[in-house]
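First up is the structure itself, then whatever we jot down about it.
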Amino acid sequence: AGDLYDGAQRGIRAQRRFEQGLRRLDARGIATFIVHGNHDPLGGWSAIREWPARVTVFGSDSAQAVPVVRDGVTIATVHGLSHDRPQVTENLARRFRRTEAPGLHVGLLHANVGSHAEHAPYSPCSVDDLAATGLDYWALGHVHRRQILHREPWVVYPGNLQGRHPGPGERGEKGALVVTVEAGQVLEPRFVALDRLRFEALTLDIGACEDVTSLMRMLQQQADELLERQQGRGLILRAELVGRGMLYGELRHPGRLDEMLEELRRDHDRAGPLVWWDDLRNSASPPLDREAIRLRGDLSAKLLERLDLVTTVDGERDRFLEDTFAPLDRFSTLLGALDEAGKRSLLEEAETLALDLLEGD
């Protein structure tokens, strides 16, 4: 469903690998239907002049409808339309229409359905646009996170076959969806993992760690537990250190995180599936001893004194919040919707944020 390649000038190795895979499918009697997307639009350089007999590459002029015939019977029709350039802003879904052919009708399109903010707005459309075509199942490309947007008609992003980088949309298991049709009805698609390597992110609270050695031991333990669940696949890991603890100062020492990252990589340099520590980030905060701060008499102490008054004297909290929010008209509705627990939580969070800013470097 598009973006088979990462650019219009695709490499020879990638194209040969793809062609070899298509020939394996063709030899087993399996047909392949292809549309091009914004990364690999039609018109890019191609080293392939002739495709296997059971391969259909859809053009970009109009949506084509290609029958799938088995034993002389049309069991399905696949409708497809490719991007002809990298930036297609037209709603291509409006070019599709169901034909009179019997069987299942499948739409193959590279599109941004529902304006996904993390993906470019190419071939933008809505679920209603897709449903209006009368097709039974939409097999979509562009968004790499697997998701079912609608049922009857089915509007589905299967995601990509292999994660490509450590970003949130590329993490976890990747693969394809197997769709079963019985008596003309599409059943729940079944996910099949096909990836060789997975990107994952770990989070560790430094408050539970006595020293750097115990912190690294806990990171290694998390990585080992995660690796056991990958069924022999390798891992590329990012870790983020959060929470509060006495290790905060140690972790801010110049070069300390780089040293720890190298040690983590060295510890996993062994036989078996690959584990590569890609990055280690420190988002932890210093410990806050509120009682010690109160005794200092400085600005942080005055802040705590003021907030103690606000939270303990009847009516002070609401007056304080109203004064704070008064200049911000768009927040007044939010403030009015907060119950007692919400107001208390808001003040606690504000106090912690203010102390972090005052007590930090």
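The values are calculated or read from the model by the stated rules, or taken from the named source; none is laboratory data. Keep in mind that this is a model prediction, so the values were computed, not measured. Counting neighbours? That spans all protein chains shown, and the Cβs are built from the backbone with ideal geometry, glycine included. Each accessible area value is taken on the protein alone, full model and side chains, heavy atoms only, with ligands, DNA and RNA left out. Shrake-Rupley method; radii C 1.70, N 1.55, O 1.52, S 1.80 Å.
Things to note:
- Note, ³J(HN,Hα) from phi for the stretch 185-190, Karplus 6.51, -1.76, 1.60, rounded to Hz, x at Gly and Pro: 9, 7, 8, 4, x, 10
- On Cα atoms only, tilt of 340-359 relative to the major axis of the chain in degrees: 80
- If you take all other residues with their beta carbon under 10 Å from the beta carbon of Leu335, and give Lys and Arg +1 and Asp and Glu -1, the sum is -1.
- Only Lys, Arg (+1) and Asp, Glu (-1) charged, at Cβ; the chain dipole about Cα centre in debye: 2120
- Distance histogram for the stretch 224-343 (every C-alpha pair counted, 5 angstrom bins, percent rounded to whole numbers): 2, 8, 11, 11, 11, 10, 10, 8, 9, 9, 7, 3, 1, 0
- Percent RCO, i.e. relative contact order, over the chain, from Cα pairs under 8 Å lying at least 6 residues apart: 8
- Working ranking of peptides 45-56, 104-115 by packing, defined as the average number of other Cβ atoms within 10 Å per residue, highest first, is 104-115, 45-56.
- Principal-axis tilt of helix 212-228 within the chain, Cα atoms, nearest 10 degrees: 20
- Amide H contacts of Asp195: Lys174, each under 5 Å away and 5 or more positions distant or on a separate chain (H built 1.01 Å from N in the peptide plane; Pro and chain starts excluded).
- Choice from Gly255, Gly134, Gly342 showing the highest fluctuation, given a GNM over the chain with Cα pairs closer than 10 Å: Gly342
- 19 Å reach of a label modelled at Ala131, 7 Å along Cα-to-Cβ, counting backbone N of the stretch 188-207: 188-189
- With contributions of -39500 (n - 2.57) from each DSSP H run of at least four residues, the per-residue ellipticity at 222 nm computed over the chain stands at -9500 deg cm²/dmol.
- Per residue, the stretch 196-347 exposes an accessible area of 62 Å² to a 1.4 Å probe, with every protein chain left in place.
- DSSP assigns beta bridges within the chain; of those with both partners inside it, close to 30 percent run antiparallel.
- The DSSP beta bridges internal to the stretch 20-137 are antiparallel in roughly 40% of cases.
- Solvent-accessible area, 1.4 Å probe, carbon plus sulfur percent, for the chain: 50
- To the nearest ten degrees, helix 256-267 and the longest principal axis of the Cα atoms of the chain are 50 degrees apart.
- Peptides ranked, highest mean first, by Cβ atoms within 10 Å: ranges 210-216, 125-131: 125-131, 210-216
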